[in-house]
1. Considering only residues that are among the polar types (S, T, N, Q) and surrounded by 17 or more Cβ atoms within 10 Å (Cβ to Cβ), which ones fall in segment 51-68?
2. What is the number of the single condition among (1) at pLDDT 95 or above; (2) open to solvent by 70 Å² or more (accessible area, probe 1.4 Å); (3) not in a helix (DSSP H, G or I) that ALA43 does not meet?
3. Which residues, taken from segment 84-95, are in contact with a helix residue (DSSP H, G or I) (Cβ under 7 Å, 6 or more places away or on another chain) and more than 9 Å from ILE38 (Cβ to Cβ)?
4. Against the definition (open to solvent by 50 Å² or more (accessible area, probe 1.4 Å) and of a type outside the set (Asp, Glu)), how does VAL71 come out, yes or no?
5. Give the residue that is nearest to the chain's Cα centre (by Cα), with candidates limited to residues of segment 19-32 that are free of Cβ contacts under 8 Å to residues at least 60 places away in the same chain and open to solvent by less than 40 Å² (accessible area, probe 1.4 Å).
6. Please determine, by comparing only the residues of segment 88-100 that are open to solvent by less than 60 Å² (accessible area, probe 1.4 Å) and of a type outside the set (Ser, Thr, Tyr), which one is farthest from ALA57 (Cα to Cα).
7. Go through segment 40-75 and give me each residue that's in contact (Cβ under 8 Å) with a residue 40 or more places away in the chain and either in contact with an Asp or Glu (Cβ under 8 Å, 6 or more places away or on another chain) or among the polar types (S, T, N, Q) (or both).
8. Select, from ILE48, ILE38, the only residue that is hydrophobic (A, V, I, L, M, F, W, C), on the phi < 0 side of the Ramachandran plot, part of a loop (DSSP other than H, G, I, E, B) and buried (at least 16 other Cβ atoms within 10 Å of the Cβ).
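The values are calculated or read from the model by the stated rules, or taken from the named source; none is laboratory data. Predicted model, so just to flag it, every value in this text is computed and none were measured. Cβ sites come from the backbone with ideal geometry, for glycine too, and all protein chains shown count toward neighbours. Each accessible area value is taken on the protein alone, full model and side chains, heavy atoms only, with ligands, DNA and RNA left out. Shrake-Rupley method; radii C 1.70, N 1.55, O 1.52, S 1.80 Å.
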Amino acid sequence: PRHQGEGKRLLGAGVAVALLAWGAEALTFALVAREVGIALPVATGMGIFAVATLLGAVSFLPGGVGATEAVMAALLVLAGGGLPETAAAILIIRVVTLWWAVLLGVLSVLGLGAPPLEQNLRPEESQG
């Protein structure tokens, strides 16, 4: 009972932090789109980011690569963005969100001296 309440509180805090982080990314996308010359309301830009991110996740591709960008491009063009501005907005947001996180992850793994993936996947010789 006591632990159950603690788990719900932690879950609620985690969801709140996740919503704040995703909201910040969506707001950044909307502002980047406006900055490169796509005239759209901030709420529309945030909606485009949310829809593209969710459809990218449904694609089951790592990071939604390809699917997320395609949806972003289609929706930005439908919202009145030109192709050069749309490409610039997508490139900027994906570099500062997805690829920055990937770089930090790679550097962290290298810095921690993690064993190569193949070593982690090999069955132990002592078993058998």
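1. THR53, THR68
2. (3) is the only condition that ALA43 fails.
3. ILE90, ILE92, ILE93, ARG94
4. It is false that VAL71 is open to solvent by 50 Å² or more (accessible area, probe 1.4 Å) and of a type outside the set (Asp, Glu).
5. ALA26
6. ALA88
7. Within segment 40-75, just PHE49 meets the criteria.
8. Going through ILE48, ILE38 in turn, just one is hydrophobic (A, V, I, L, M, F, W, C), on the phi < 0 side of the Ramachandran plot, part of a loop (DSSP other than H, G, I, E, B) and buried (at least 16 other Cβ atoms within 10 Å of the Cβ): ILE38.
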